Amino acid sequence: MYYDFYTGGAEDQCTLKENEEAFRRIIIQPRILRNVRCIDLSTTVLGYNISMPVMIAPTSLQKLANPEGEIATARAASACNTIMVLSTSSTYSLEEVAACCDAIRFFQLYVYKRRDISAKLVQRAENNGYKAIVLTVDSPRLGRREADVKNKLVVPPLKNLEGLLPTKFVSDEKGSGLAALASGTLDASFCWEDITWLKSITNLPILIKGVLTREDAIKALEVGVDGMIVSNHGGRQLDYSPATISVLEEVVDAVGGKVPVLVDGGIRRGTDIFKALALGAQAVLVGRAVVYGLAAKGEKGVNRVLEMLKEELELTMALSGCCSVKEISRSHVRTKHDQQLRSML
């Protein structure tokens, strides 16, 4: 049941598969005879220095993978000097995660029908040293994740919502426990105008997670967000939505450098990270890979996953002639669209 929860996507899982396949259609164009003796992978996100352009995506219910759950993941993030985004639907409270180590932490937020609950979560995050709010904007309803429906997924208590909402939801014949939780609590009326409300209750920067089009990127700039994450929720919401890497450049071009653009979805290798950076992402977020490491070996497993990605990215940069992430440019990759244009010339 829990393995299916982590690995599965929505409906036919087309978007889930395409997230990975789209990376494979991008070709790396290396530069030769460059001095690559020293490689610097460090970068900044919202002014925070991190050792590599890889962050930990918000992934819910991590105790299902390992009893140490989000605590182990946060400690691994701290050890690797990168940023962890903690899910609202975590199995340790945001206070417990904040107390366990000195990792740089962002807090992922869902907006509930009772806005006071969302406001309390934001205030708790700010009071406990979280550095940004990551607002998930692609989930007015939960996507149909058929494996969870079949398994009648049982949701453990959500620590951040204790005392605020019922923390146990039972599945019915139509869906999983998670679907029951979402349909009963999430605010499907939340829209662009409500970003103003969110900005009014916090001094933290706000990133929106779930941007997939040029039009929404422009709208996000108009309402004053501080960053965007190109994301399709790991292929778990709207099936047949585009692979994130395939629309990354469209969003980056629309933003025009005004705010940072990050991307998640389908990132499995250092070469994937390199391709995302070449197409304009400031950093990537990884979710499933981290959970698999957590399930295998707890904190050490997450640490090893991050180390593997770092090692692979460093090698890719060296073989492509790049000494720092700033040197990775659009000219280092060729997309399917580029190839079609070349064939027309």
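Derivation of every value follows stated rules applied to the coordinates shown; laboratory data play no part. Note that the structure is predicted; figures quoted are calculated from it, not measured. All Cβ positions, glycine included, derive from the backbone under ideal geometry; neighbour counts span all protein chains shown.
Seen from Ala281, the other residues with C-beta closer than 14 Å to its C-beta sum to a net charge of -1, counting Lys and Arg as +1 and Asp and Glu as -1.
Computed over the chain, the P(r) tail beyond 27 angstrom holds 43 percent of alpha carbon pairs.
The protection proxy used here, the mean number of other Cβ atoms lying within 10 Å of each residue, ranks peptides 114-120, 132-138 as follows, highest first: 132-138, 114-120.
Rounded to the nearest 500, what is the 222 nm mean residue ellipticity of the chain from helices alone, with -39500 (n - 2.57) per DSSP H run of 4+ residues and division by all residues? Write down the numbers at each step before the final one.
Working: 13 runs with 142 residues, N = 345.
The per-residue figure over the chain is -12500 deg cm²/dmol.
Only Lys, Arg, Asp and Glu carry charge here, each on its Cβ (+1 for the first two, -1 for the last two); on that basis the chain has a dipole of about 460 debye about its Cα centre. Of the peptides 326-336, 295-305, the ranking by mean beta-carbon count within 10 Å, highest at the top, reads 295-305, 326-336.
Counting Lys and Arg as +1 and Asp and Glu as -1 over every other residue whose Cβ lies under 15 Å from the Cβ of Cys100, the net charge comes to -2.
Were the residues from Asp253 through Val223 laid out at 0.36 nm apart, the gain over their Cα-Cα distance would be 9.0 nm. If you sort the three axes of the alpha carbon gyration tensor as a ≥ b ≥ c, you get a/c of 1.5 or more for the range 191-345 and a/b no higher than b/c, which makes it oblate. At q = 0.13, 0.20 Å⁻¹ the log10 of I(q)/I(0) for the range 220-311 amounts to -0.48, -0.97, computed by Debye summation with a single uniform scatterer per C-alpha, solvent ignored.
Show me the helices of the chain, taken as full DSSP H stretches, that run 27 Å or more along their long axis by Cα and average -0.5 or above in Kyte-Doolittle hydropathy. Membrane-span-like by this criterion, though nothing is claimed about a membrane: 288-320.
Counting only lysines at least 8 places from Lys326 when in the same chain, those with an alpha carbon closer than 21 Å to its own are Lys258, Lys275, Lys310.
For the range 128-149 and the range 69-103, what is the centre-to-centre distance using only Cα atoms, to the nearest Å? Each part's Cα centre sits 17 Å from the other's. Across the range 31-67, the residues whose backbone nitrogen lies under 18 Å from the label position 7 Å along the beta-carbon direction of Cys323 are 31-43. Inter-part distance, the range 237-260 to the range 11-25, computed on C-alpha centroids, equals 15 Å.
Comparing mean-square fluctuations of Pro166, Pro157, Pro53 from a GNM of the chain with C-alpha springs under 10 Å, the top value falls on Pro166.
What is the gain in length, in nm to one decimal, between Ile32 and Asp116 on full extension, counting 0.36 nm per residue of separation less the C-alpha to C-alpha distance? Mind dumping the intermediate values first?
Numbers: separation 84, 0.36 × 84 = 30.24 nm, distance 5.67 nm.
Value of the extension gain: 24.6 nm.
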